[in-house]
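Q: Have a look at the structure that comes next, please.
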Amino acid sequence: MIELLNIRKTYQMGETEVHALDGVTATIGDGEFVAVIGPSGSGKSTLMNIIGCLDLADKGEYRLNGRLIDDYTERQLSEIRNREIGFIFQQFNLLPRLTAYQNVELPLIYQGLPMAERKKRVMESLEKVGLANRMHHRPNELSGGQQQRVAIARALSTHPTLILADEPTGNLDSHSGREIMNILKELHKEGRSILLITHDHDIAGMASRQLTIRDGRIEHDSAAGGAP
């Protein structure tokens, strides 16, 4: 599903070059639940942006579902983001004036799906995260954990091949965080591919595989064995 070969990304900070990613090579297969863990500034957010087609690498090759992404146009990247990747963000990114139902429906409107299909998918997604009874509530009428569950439902509604979760428990209390992780683990059991970005070792430990990144490089891959 995901193939990264010698991925490099450099940012210019004034007169200084910052090597955010310095030769990252990794493969993530279909149906895996992988956590990318590292401290602030390690490069994990940059890696997430490239995997999520929010940015392009300066050098190296990135293949998603067998397709080389490196030379894609912004329109092509947008198409992939809308149809193949379900995003879950730390800040939830729900539109405050829309209900839970409407927030989940929005990407389906962008896809041009007919109303009947949109309704079917929205209800399936909200039921999966246990929020069908809150579908008419706006974000400010929901707890943080409920807002994140709406965000998960929105990610699921497009039937993505990859769910990309960026610090999904970062703004939640420990109880709500466990609820979110249990939902992600259940989705993994159903065969969904999940990539989790986190700085929390306990959260990363709930994934079936951990990639530790430091100074823009993969420092350890738990699939390879050995001590991190």
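The values are calculated or read from the model by the stated rules, or taken from the named source; none is laboratory data. A quick note: this is a predicted structure, and the numbers were derived from the prediction, not measured. Positions of Cβ are backbone-derived with ideal geometry, glycine not excepted, and every protein chain shown enters the neighbour counts. Accessible surface is based on the protein model in full, side chains and every heavy atom, while ligands, DNA and RNA are left aside. Shrake-Rupley method; radii C 1.70, N 1.55, O 1.52, S 1.80 Å.
Q: Give me the residue from the stretch 56-84 that is part of a helix (DSSP H, G or I) and of a type in the set (A, V, I, L, M) and, out of that set, farthest from Tyr11 (Cα to Cα).
A: Ile80
Q: Oh, and also: If Cys53 satisfies all but one of (1) surrounded by fewer than 18 Cβ atoms within 10 Å (Cβ to Cβ); (2) in a loop (DSSP other than H, G, I, E, B), what's the number of the condition it fails?
A: (1)
Q: Output the number of the condition that Pro39 fails; it satisfies all remaining conditions of (1) open to solvent by less than 60 Å² (accessible area, probe 1.4 Å); (2) in a strand (DSSP E or B); (3) farther than 23 Å from Arg83 by Cβ.
A: Of the numbered conditions (1) open to solvent by less than 60 Å² (accessible area, probe 1.4 Å); (2) in a strand (DSSP E or B); (3) farther than 23 Å from Arg83 by Cβ, the odd one out for Pro39 is (2).
Q: Here is a check on your reading of the model: is Arg118 under 30 Å from Gly66 (Cβ atoms), at pLDDT 95 or above and not polar (S, T, N, Q)?
A: The answer is yes for Arg118.
Q: Looking at Ile109, is it among the β-branched types (Val, Ile, Thr) and within 17 Å of Leu164 (Cβ to Cβ)?
A: no
Q: Pick out the one residue from Tyr110, Tyr101 that is under 27 Å from Cys53 (Cα atoms) and surrounded by 15 or more Cβ atoms within 10 Å (Cβ to Cβ).
A: Among Tyr110, Tyr101, only Tyr101 is under 27 Å from Cys53 (Cα atoms) and surrounded by 15 or more Cβ atoms within 10 Å (Cβ to Cβ).
Q: Quick check, is Val18 over 18 Å from the mean Cα position of the chain (by Cα) and among the β-branched types (Val, Ile, Thr)?
A: Against the criterion (over 18 Å from the mean Cα position of the chain (by Cα) and among the β-branched types (Val, Ile, Thr)), Val18 qualifies.
Q: All but one of (1) open to solvent by less than 40 Å² (accessible area, probe 1.4 Å); (2) in contact with a strand residue (DSSP E or B) (Cβ under 9 Å, 6 or more places away or on another chain) hold for Leu126, so report the exception by its number.
A: Of (1) open to solvent by less than 40 Å² (accessible area, probe 1.4 Å); (2) in contact with a strand residue (DSSP E or B) (Cβ under 9 Å, 6 or more places away or on another chain), only one is false for Leu126: (2).
Q: For the subset of the stretch 172-201 comprising residues that are charged (D, E, K, R) and within 22 Å of Gln147 (Cα to Cα), which member is farthest from the chain's Cα centre (by Cα)?
A: It comes out as Asp173.
Q: Looking at (1) free of Cβ contacts under 8 Å to residues at least 24 places away in the same chain; (2) over 30 Å from His175 (Cβ atoms), which is the one condition that is false for Met123?
A: (2)
Q: Something else about it: Go through Leu77, Leu95, Leu21, Leu64 for me and flag whichever is free of Cβ contacts under 8 Å to residues at least 60 places away in the same chain, open to solvent by less than 40 Å² (accessible area, probe 1.4 Å) and farther than 14 Å from Thr158 by Cα.
A: Leu77
Q: Could you tell me which numbered condition Leu5 fails, if it satisfies all but one of (1) free of Cβ contacts under 8 Å to residues at least 60 places away in the same chain; (2) crowded, with 18+ Cβ neighbours inside 10 Å; (3) part of a strand (DSSP E or B)?
A: Unmet for Leu5, out of (1) free of Cβ contacts under 8 Å to residues at least 60 places away in the same chain; (2) crowded, with 18+ Cβ neighbours inside 10 Å; (3) part of a strand (DSSP E or B): (2).
Q: In addition: Could you pull out the residue among Asn93, Asn133, Asn82, Asn140 that is closer than 23 Å to Asp173 by Cα, at pLDDT below 95 and of a type outside the set (Val, Ile, Thr)?
A: The match here is Asn93.
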